[in-house]
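> Next up is a structure, given as structure tokens.
The values are calculated or read from the model by the stated rules, or taken from the named source; none is laboratory data. Everything numeric in this text was worked out from a predicted model, so none of it was measured. Cβ atoms come from the backbone with ideal geometry, glycine included; neighbour counts cover every protein chain shown.
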Amino acid sequence: MHRWQLITFFGESAFLLPCAVFLYVWLRWHGAARVARHWLVAFSVTAAVVLASKVAYIGWGIGSEAIDFTGFSGHSMMAASILPVLLYLAMPASRPGLSLLGALAGVLMALAVGASRLALHAHSVSEVLSGLLLGFCVSLPFIMRHGVPRGPLTMLLATAALASMPVLPVGGLTGVTHNLVTEMALFLSGRERPYQRGEWTALPTCRACVVDDTARDHGRHGGRAEVQLRPTSARRPT
């Protein structure tokens, strides 16, 4: 397995989603119901935003050509939201410095996952950076919160299980979530094929709106405004 493929594996939703569920159940089990609820809400909302952005582009071509944005990077978001928390909780509460080092290691791993998405040409810079930002908005406030229970042994076992995934014969699970998202987007939009990077359906409509608005302003101001986007077909002042 190529090193970038190995690194990007640690952002795979098929493995990190169970980790998110594990974190929620573990927090509830240790009596931190409020912390668990806040974690679940923050993670769920962020995951829903990522899903909506992907469905919007795959099904309707809604994105941004200017920044080459076709949806938040799910790998980057998942890694940034879960890995710092997992490694932070794996450290004993009696060693706060060690806990912060664990969180820092999780942050560096998330950044490495983001870099791997760029190296594999799976996402643009805007998609990776925005995905990392979303994920860190979930994990970093959680890490800075007081009163979070710790269970080093349990968390170390979970971390070891996650670390062993790349060497297990589970390669067929990679990309499963992307396929499911694509099928969902096609079902909702009624299209037969997904939009590909470089196709921007919303762009021509927006340009037409700008031209029409500029032309109306041109008429209202008695010809003082100029139409820049369509000079050959602009209305002449009367």
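> Kindly list the number of the only condition in (1) surrounded by 21 or more Cβ atoms within 10 Å (Cβ to Cβ); (2) outside any helix (DSSP H, G or I) that fails for Val50.
(2)
> Please count how many residues of the range 177-193 are among the hydroxyl-bearing types (Ser, Thr, Tyr) and in contact with an Asp or Glu (Cβ under 9 Å, 6 or more places away or on another chain).
So the count comes out to 1.
> Could you list, in sequence order, the residues of the range 15-45 that are buried (at least 17 other Cβ atoms within 10 Å of the Cβ) and either under 16 Å from Gly74 (Cα atoms) or not assigned by TED's automatic domain parsing to the domain that holds Phe136 (or both)?
Phe15, Leu16, Cys19, Ala20, Phe43
> Right, next: Within the range 20-32, is even one residue closer than 21 Å to Val107 by Cα, at pLDDT below 90, hydroxyl-bearing (Ser, Thr, Tyr) and assigned to a helix (DSSP H, G or I)?
No; the residues of the range 20-32 include none that is closer than 21 Å to Val107 by Cα, at pLDDT below 90, hydroxyl-bearing (Ser, Thr, Tyr) and assigned to a helix (DSSP H, G or I).
> While we're on this one: Just to be sure I understand, how many residues within the range 164-192 are modelled with pLDDT under 65, part of a helix (DSSP H, G or I) and among the aliphatic types (A, V, I, L, M)?
3
> The conditions are (1) at pLDDT below 70; (2) closer than 30 Å to Arg28 by Cα; (3) part of a loop (DSSP other than H, G, I, E, B); (4) not charged (D, E, K, R), and Ala161 fails exactly one of them. Which is it?
(3)
> Residue by residue through the range 24-39, note down the ones that are within 15 Å of Arg145 (Cα to Cα) and under 23 Å from the mean Cα position of the chain (by Cα).
Val35, Ala36, Arg37, His38, Trp39
> Looking for whichever is in contact with a helix residue (DSSP H, G or I) (Cβ under 7 Å, 6 or more places away or on another chain), at negative phi and part of a helix (DSSP H, G or I) here; the options are Ile62, Ile82, Ile67. Which one fits?
Ile82
> Let me ask something additional. Would you tally the residues in the range 113-126 being touching a residue at least 12 places away in the same chain (Cβ under 8 Å), assigned to a helix (DSSP H, G or I) and surrounded by fewer than 19 Cβ atoms within 10 Å (Cβ to Cβ)?
4
> Any residue in the range 27-48 that is free of Cβ contacts under 8 Å to residues at least 12 places away in the same chain and among the basic types (Lys, Arg) sitting within a Cβ distance under 7 Å of a residue that is surrounded by 19 or more Cβ atoms within 10 Å (Cβ to Cβ) and in a helix (DSSP H, G or I)? List the pairs, counting only those 6 or more apart or interchain.
The qualifying pairs are Arg28/Ala36.
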